[in-house]
Amino acid sequence: MTPHRFTSLEICAGTGGQALGLETAGFDPVALVENDRHSCTTLRTNRPAWNVLEMDVLEFDPAEHRYTYDVDLLSAGLPRVRAVAAAARGSDDHERKLLLATVLLASAVLPRAVLIENVPKLVTADAFEELRTEIKAELEHLGYRLHWGTVNAKDFGVAQDREQGLLVALKGAAGDAFRWPEPSVSTSATVGDLLHASMSALGWPYADRWAAGAQRPAPTLVGGSKKHGGADLGPSGTKRAWAAMGLSGWGVGDAVPGPDTAWVTPGGDGKSLPKLTIQQIALLQAFPTDWQTCAGKTSQYRQLAQASPPPVAAALGRSIATALASADRAGS
C-alpha cells in the first residue's frame, strides 16, 4: 500500500463494494453518486462521513460540486450493458448512456485515473467494438492511456466464480506504470468452507455432509432488476449449479437450517433445498461482517449481488495507487 492517500469520485456507487475496496487501497471518496435510496441508506449507515449524493448520474453536474475536480480517481461500477445479442438489438440504451456519460464526466472532472467495471464482454466481444472505439477516442484525446482487461473474483479470495470486465485509464507516467493485479490466492475458496459455520450455527445435523458436497466456488450472484419480482439467484443454468451444491437458487431464505431441517439430496430443480440468507450472500461477496445492508430482503439481495466484491476492488485500487505513486515520484 502507498504511504499516502488519494481522492476519488465514485458514481453508481451501489451498496459500496467498490468504494469499500478502494478505501482499503488508499482512496477516500470526495463524493459517491447513487440514485437508489436504499443503497444510499446503506452507504450512510456504514460510513456516516462519506458524502453520498442521492441522484441520477445523468443529472450530476460537476460544476455544482467543484470539489470533485482533479480527483485522483473517477471510479464507476456501472449497470451491466446487455449480452451481445441484446446489444445488437439496441435494448440497453440506458446502460450505454451511463457508460458514455462516465467517459464525458472524465472530460469535465479530469481525474488522474479512471476505473470502470462492467461485464467481461464489454472488453472482449465484437459487438462492443464500436463502443470501445468511441471510449478510446475520447479518453486518448484527453491524454489517458487505456488498459482493458478482465479479472475473476475467485482469484482474489472470493468464493465465487465472478468475472468482471474492466477499463483502467491513467494519465502520464502512471499510464505506463500500471500493472494488472496478480491473483492473491493459488486455490479458490469454496462455498462449503466459507458457509460451513453459518450452516451449522443452529444445529443442523447435516452441515458437515452439506459442506463436503459444496467444495467449489459459487456461480456468479446475479442482482436482477427492479422491474421484476423478488430475489432470484439467476437463470435456469445457474439454479442448477446452486442445486448441485445443495442450495436453492429460488429466492433468499430468512434463516439457516435448524436442527429439525431434513436432508434433501442436492440436485433437481432445487426448490426444496436450503436457501441462502442475506448474511451468507454478503459472505459470498466478501463484504466485512459488520457491513449493514439496509431495506427489505429483496433490496438487500440486489444491493449485495450487484456489488463489486471489495477484495477485487482493493486489488485494483492498489495497482492504481502504485501507478499514481510511481508517477508522483517521477514528478509527472
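Here, each number is a calculation from the coordinates, and none is a lab measurement. Computed from a predicted model, the values in this text were never measured in an experiment. Methodologically, a virtual Cβ is constructed for each residue, glycine included, from the backbone with ideal geometry; neighbour enumeration extends over all protein chains shown.
Below, the figures for the structure above:
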read-out	value
Exceeding the 23 Å Cα-Cα cut-off - candidates K239/K275; K154/K271; K97/K136	K154/K271
Rounded to 5, the percent of DSSP beta bridges in the chain classed as antiparallel	45 percent
Within-10-Å neighbourhood charge of P181 [Cβ basis; K, R +1; D, E -1]	0
Residues V151, V71, V191, sorted so that the one with the fewest Cβ neighbours within 10 Å comes first	V151, V71, V191
Ranked list, fewest to most other Cβ atoms within 10 Å of each Cβ, for C294, C12	C294, C12
Net charge contributed by nearby residues that have their C-beta within less than 11 Å of K136 (K/R +1, D/E -1)	-3
Ranking of D260, D176 by count of other Cβ atoms within 10 Å, fewest first	D260, D176
CD proxy at 222 nm, helix term only [per DSSP H run n ≥ 4: -39500 (n - 2.57); per residue of the chain; nearest 500]	-11000 deg cm²/dmol
Label-to-label distance, nm, for residues given as E138 and A49 (7 Å Cα→Cβ offset)	3.3 nm
